[in-house]
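What follows is a short report on a single structure.
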Protein chains: 4
Amino acid sequence: MEMKHLFLDDYSEGAHPRILKTLEETNLSQELGYGEDDYCRQAAETIKAKIENPYASIYFVSGGTQANILVLASMLKPYESVIAPQTAHIAIHEAGAIELTGHKINVVPSKDGKIKPEQIADICDEHTDEHMVRPKAVFISNSTEIGTIYKKSELEGLAEICKQKRLFLYLDGARLGSALASLESDISLRDLSRLVDVFYIGATKNGALLGEAVVITRPELQPDFRYHIKQRGGLLAKGRLLGIQFLELFRDNLYFDLARHANEMACRLVHGIDALGYSFLSPSTTNQIFPILPGSIITKLQQMYGFYVWEKMDSENSAIRLVTSWATKVEAVDAFLIDLRSFRGVG
Amino acid sequence: MEMKHLFLDDYSEGAHPRILKTLEETNLSQELGYGEDDYCRQAAETIKAKIENPYASIYFVSGGTQANILVLASMLKPYESVIAPQTAHIAIHEAGAIELTGHKINVVPSKDGKIKPEQIADICDEHTDEHMVRPKAVFISNSTEIGTIYKKSELEGLAEICKQKRLFLYLDGARLGSALASLESDISLRDLSRLVDVFYIGATKNGALLGEAVVITRPELQPDFRYHIKQRGGLLAKGRLLGIQFLELFRDNLYFDLARHANEMACRLVHGIDALGYSFLSPSTTNQIFPILPGSIITKLQQMYGFYVWEKMDSENSAIRLVTSWATKVEAVDAFLIDLRSFRGVG
Amino acid sequence: MEMKHLFLDDYSEGAHPRILKTLEETNLSQELGYGEDDYCRQAAETIKAKIENPYASIYFVSGGTQANILVLASMLKPYESVIAPQTAHIAIHEAGAIELTGHKINVVPSKDGKIKPEQIADICDEHTDEHMVRPKAVFISNSTEIGTIYKKSELEGLAEICKQKRLFLYLDGARLGSALASLESDISLRDLSRLVDVFYIGATKNGALLGEAVVITRPELQPDFRYHIKQRGGLLAKGRLLGIQFLELFRDNLYFDLARHANEMACRLVHGIDALGYSFLSPSTTNQIFPILPGSIITKLQQMYGFYVWEKMDSENSAIRLVTSWATKVEAVDAFLIDLRSFRGVG
Amino acid sequence: MEMKHLFLDDYSEGAHPRILKTLEETNLSQELGYGEDDYCRQAAETIKAKIENPYASIYFVSGGTQANILVLASMLKPYESVIAPQTAHIAIHEAGAIELTGHKINVVPSKDGKIKPEQIADICDEHTDEHMVRPKAVFISNSTEIGTIYKKSELEGLAEICKQKRLFLYLDGARLGSALASLESDISLRDLSRLVDVFYIGATKNGALLGEAVVITRPELQPDFRYHIKQRGGLLAKGRLLGIQFLELFRDNLYFDLARHANEMACRLVHGIDALGYSFLSPSTTNQIFPILPGSIITKLQQMYGFYVWEKMDSENSAIRLVTSWATKVEAVDAFLIDLRSFRGVG
């Protein structure tokens, strides 16, 4: 049976039409390879203007796991580790990519996908000598892997403890657009640039064919980053492909417009599902939501929609993950809600 | 001063228009992520048909260095090494990517970019116990980094010694299209599939935005290759981007048509330069040529054309590298020849 | 103030006198280097006889962390992980040595230092595809890091689940002598050889200057282990130093006699401390015990004895670690008990 | 047939009797583990006095390959490489240990086992961007792998170019005793401390059971070196074993007395062999010599003496390696010379 719609993720479609159009328009200009082209340069300048930080350095890479590998491996000495919440993408869903670069992840418990300053302090205090790793970085995601977001005060708290403990603060922005476009968010790109040492602006999950822009604000981490990209196989010959897309996304507000649309579609799902009396795994205000539904209804929905069953809550109910994107149509959302209501009726 | 044309490389432009068109046409179909989409599956089936090997397994990755990392790191145990000619891309121009995965490259001398069976045998015979690495793979490129190609008999000789010495034979096909489309080539994709254990079909340098198709013919090397891709940051969320492009390139003969065009443009350059009495660093019949020119003329050409000065030959002359591609226009070639002739007159 | 005695660890002294004597007697015989000498060969044969397994292969290395690195790194492919209890030495006290070899440790909760078959099954069941590591080995210690031991039935249960899930079972025997010499132990060296794929017999902590004997019983893990030792800097030029010591320890029952003495000294401490009404962190029957004492008494004891404060139990009490060895004299034990009793009186 | 004597290497015997005696005398003192004992501290102080550099930091490790791994891996960022002569131990006889830590070795040609400043300059000049590794260290050995030594002026030349090119200069001193005790040497320990950034003083090959003292003179390379030792499995629980031996070797001039004896025995061999009309592969003045002998005579010598055939010189002659040590008796040398003379007579 054909699916009505996939809510599996935010990378089921190709790219936003404006991006394809720009690729076509620029197609035959001859450019230098490996990211030294004019588009990459302009895109970097544009981003520096948006984050209001002329001293940042910007690098474009292909995907989130690649960005995480590059940032953490370039930042840490062999015996240094990174602290992360247990829900972190690097801790679970990157096939041991960080460990492959030689580094331990110090995992701390987390219900909401976020980490707290006191957890960081505790880990540091427990690691005292050369028989143990030395924690040197903190990994956070915004939005988190379960759709929640950091408030500015939380981010300031993390920045403060990292400063005290001499840790680098790194923010995985695979879904940064959705996080910053959340109605609950009080963080700007400029705040990020001020508060974290490195972050990346994810575009693969927000309208591009592929591409993440790594932003390094801390001067000591900037030199030679291109060596790391090249050595780990991340330097695209046609680097222009990444530059052109970011240039288009940040030429105006396209990047945030797309994220806002994704959030609105998620919000519409949340309201509809909530109205039917279901609860959620996390208080997400971004484009990933996790309604808790009875198994019997999940089975029926799976015949018509694509989504992941995320976590078993009890013997009868599970949280599922529904993801919306720039490409999600309101019709798909409404169809889902109608079907859910009808299944509930007979559930 | 504006350049008339860049002969710097074969990735100065975007993609062949047919590829952009297909990306547009398929843009809104919803697909599974991470290369499990229908386009990737169809592209893999198409390639298996072209190489006439239903038992091969095919994986799409972003670039050549990434392919080399993945293939060699997945193939070698920690103490095993790869034998390569001194001109090999992995030995010089990948920033130590292979060593970063933990493996030594046993480099052997080479004038023509190729390696000979007896060189392989010698290396194996010198490595006898656990105080030395154990050679376990051979790396070759076709076309080579200096534009030459392997003949079928040469490839058979390498396959034979690798069998005897229990080595894996791996062929880097960054410019495989140009190699196989060379008028001097007597090798088919089917031959490759029969003679080497792993090879990749390069598309970044032959008309795609990005993409290399890794073909693993040896059964013991096939399992779990996707784990390696994921763990090293090479698994694109929108894997469809790679599948769609390869599907288009191999739907008919586009892949080879583009390569043939590049070769014809290089051939036209060779004939023109040869007619002016210059010699070449290597007997290339592919899309990279290396004419040896006086420094004074090189300086003038550099005002108008982009290219690399490859190797100093003596106090007065250097070999330069000129690269053509699917996008090179005959007008650009002829302009170059006319300018060269005029510089020579007054040289 | 001078310490009366160190109960810090079981490696505070040099070697058992019989070992020093043998080193002297063999000192001027000329032997092959790198562990290919006659002493190493004889020691390996002696151990194979003791474990009743002529097909095992035996390698001598310098220390426990080195043994763990070598065994796990040689056993795992890049994307494979090892499952271990949270108390495991590799998870805490090896400075990220296992991660440095590229592998994740999947840590499971443990109160008693041991792991249970169902914990292993759960971890395996959660790891289903190439976005996650693939668990491939289980790490256990006997005795554990908190002095407890595995019973034969427990080991059989672990062996069974490892067989089902196709995992390698590896036992860290840094304190294997003490474990097997425990009055509660029902496991023999022969049992170990039958039930686990690799284990090591620790001698550094049981009377030798240094040395651990790695025993590999699983045929597929035996080839080329010496390559790993050499490549990781573990192959001693004077390998004889290790062979001679193991030969002496296993010539008769010296290895177990020394362990039994250490256990008896620990047991005497346990009885004495228990009689004073204190409890223990773990039910140890080996040479590490963890009495829980009031902070005020700990402070006084620290003036006279060396030991680690292991874990804060509540606001007033902490568990301390007392370690005995082949060299611990009954007088030192009794002095400690007398002092503890006197502090308690006035405590 | 029983061998008369092994000239295979300088680690065929145990330890110098004074070392064994000191191990016995100190055996029962209780010490802190992991190299934090009093003997290690005193040994470090003694060495700092000998090299006349109170700011150096000293670490004791088990063997030469381990020292090379630790020094180079701690010194280099992932994309940085080490330059070494083609004869270097790290380039051939360490089973790819340096590559396993992720680093390329830039090998330069060498006839005499040494490297020249202009070779270093050339390698640096060829490596210009992030497509290639960045050379950051130079590896030399004194004595070299073929018995030659550096003169002070040569070492000054290397130090100068390293300073210019911002490279670390590292000296492998596996046979440093023999080098400095050579009659041709004009280098002192103090010179070394001034001219190189890191070196190690080898004792395994000069009278100890095992042990190399790594001396780090460059401040930026000193912090956290113990983390590296621990993480790579090199921190011995009974670190005292290393400290006690170095303390004894440097208490007076024992270290150099032993080396001088080894050199004298080698010199006696050289004179005797030279007198018979044979030439040598290298002009060694240390404890490794490489006479070139006819194959027929080599075969006969192999019945009675242990040694390696080092290099085939032509169809009839090969260089063999004869190594002497603190334990080589003049009788063994003379017996060898007598046998050689008799074989020559009938050769």
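The values are calculated or read from the model by the stated rules, or taken from the named source; none is laboratory data. Computed from a prediction, not measured in an experiment: that's the story for all the values here. Quick reminder, even Gly has a Cβ in these numbers, built from the backbone with ideal geometry, and neighbours come from all protein chains shown.
Evaluating B:GLY64 against the criteria (1) more than 25 Å from C:LEU76 (Cβ to Cβ); (2) over 17 Å from the mean Cα position of the chain (by Cα) leaves one unmet condition, (2).
Being closer than 24 Å to D:THR328 by Cβ, in a helix (DSSP H, G or I), touching a Gly at 6+ places or on another chain (Cβ under 7 Å) and within 14 Å of chain C (Cβ to nearest Cβ) is a property that D:LEU23 has.
Of all residues in the stretch B:1-20, those that are in a loop (DSSP other than H, G, I, E, B) and either buried (at least 22 other Cβ atoms within 10 Å of the Cβ) or of a type in the set (D, E, K, R) (or both) total 11.
Taking the stretch A:64-156 as the region of interest, the helices (runs of 4 or more DSSP H) fully inside it that hold 2 or more residues being free of Cβ contacts under 8 Å to residues at least 60 places away in the same chain, under 26 Å from A:SER282 (Cα atoms) and not acidic (Asp, Glu) are A:89-92, A:117-126. Looking across the stretch C:201-219, the residues that are outside any loop (DSSP other than H, G, I, E, B) and surrounded by 20 or more Cβ atoms within 10 Å (Cβ to Cβ) come down to C:ILE201, C:GLY202, C:THR204, C:LYS205, C:ASN206, C:GLU212, C:ALA213, C:VAL214, C:VAL215, C:ILE216. For C:SER29, state whether it is of a type in the set (Gly, Ala, Ser) and crowded, with 23+ Cβ neighbours inside 10 Å. No: the conditions fail for C:SER29.
Within the stretch D:50-78, if we keep just the residues that are out of contact with any Ser or Thr (no Cβ under 6 Å at 6 or more places or on another chain) and more than 22 Å from C:ARG232 (Cβ to Cβ), the residue that is farthest from the other protein chains (Cβ to nearest Cβ) turns out to be D:GLU52. Checking the structure you have, find out if any residue of the stretch D:113-122 is away from chain C (no Cβ under 14 Å), closer than 24 Å to B:ARG134 by Cα and buried (at least 22 other Cβ atoms within 10 Å of the Cβ). There is at least one residue in the stretch D:113-122 that is away from chain C (no Cβ under 14 Å), closer than 24 Å to B:ARG134 by Cα and buried (at least 22 other Cβ atoms within 10 Å of the Cβ). Just one of (1) among the charged types (D, E, K, R); (2) part of a loop (DSSP other than H, G, I, E, B); (3) out of contact with any Gly (no Cβ under 9 Å at 6 or more places or on another chain) fails for B:LYS163. It is (2).
Condition check for B:GLU118 on (1) over 22 Å from B:PHE199 (Cβ atoms); (2) in contact with a Phe, Trp or Tyr (Cβ under 6 Å, 6 or more places away or on another chain): one failure, at (2).
The rows are residues; the columns are (1) modelled with pLDDT under 95; (2) closer than 26 Å to A:LYS312 by Cβ; (3) buried (at least 20 other Cβ atoms within 10 Å of the Cβ).
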site: A:PHE199; (1), (2), (3): no, no, yes
site: A:LEU221; (1), (2), (3): no, no, no
site: A:GLU248; (1), (2), (3): no, no, yes
site: A:ASP257; (1), (2), (3): no, no, no
site: A:PHE280; (1), (2), (3): no, yes, no
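Of all the numbered requirements in (1) without any contact (Cβ under 8 Å) to a residue 60 or more places away in the chain; (2) buried (at least 24 other Cβ atoms within 10 Å of the Cβ); (3) not in a strand (DSSP E or B), D:GLY243 misses one, and that requirement is (1). Evaluate the stretch D:254-274: report whether one residue or more is within 21 Å of the chain's Cα centre (by Cα), over 30 Å from C:THR65 (Cα atoms) and part of a loop (DSSP other than H, G, I, E, B). The answer is no; no qualifying residue exists.
When each of B:THR285, B:THR299 is tested for being of a type in the set (S, T, N, Q) and part of a loop (DSSP other than H, G, I, E, B), the lone residue that passes is B:THR285.
Among the residues of the stretch D:315-331, is there at least one that is more than 14 Å from D:LEU6 (Cα to Cα), among the aliphatic types (A, V, I, L, M) and over 20 Å from the mean Cα position of the chain (by Cα)? Checking the stretch D:315-331: at least one residue is more than 14 Å from D:LEU6 (Cα to Cα), among the aliphatic types (A, V, I, L, M) and over 20 Å from the mean Cα position of the chain (by Cα).
Given the criteria at positive phi and either out of contact with any Cys (no Cβ under 6 Å at 6 or more places or on another chain) or aliphatic (A, V, I, L, M) (or both), does B:TYR34 qualify? Answer is yes for this residue. Taken as a whole, the structure places B:TYR227 among residues that are surrounded by 23 or more Cβ atoms within 10 Å (Cβ to Cβ), without any contact (Cβ under 8 Å) to a residue 24 or more places away in the chain and assigned to a helix (DSSP H, G or I).
Just one residue in the set C:GLY147, C:GLY157, C:GLY202 is in contact with a helix residue (DSSP H, G or I) (Cβ under 6 Å, 6 or more places away or on another chain) and closer than 30 Å to D:TYR34 by Cβ; that residue is C:GLY202. Flag not set for C:ALA91, criterion: surrounded by 23 or more Cβ atoms within 10 Å (Cβ to Cβ), aliphatic (A, V, I, L, M) and closer than 26 Å to C:ALA213 by Cβ. Screening A:LEU269 against (1) crowded, with 19+ Cβ neighbours inside 10 Å; (2) at positive phi leaves a single unmet condition, (2).
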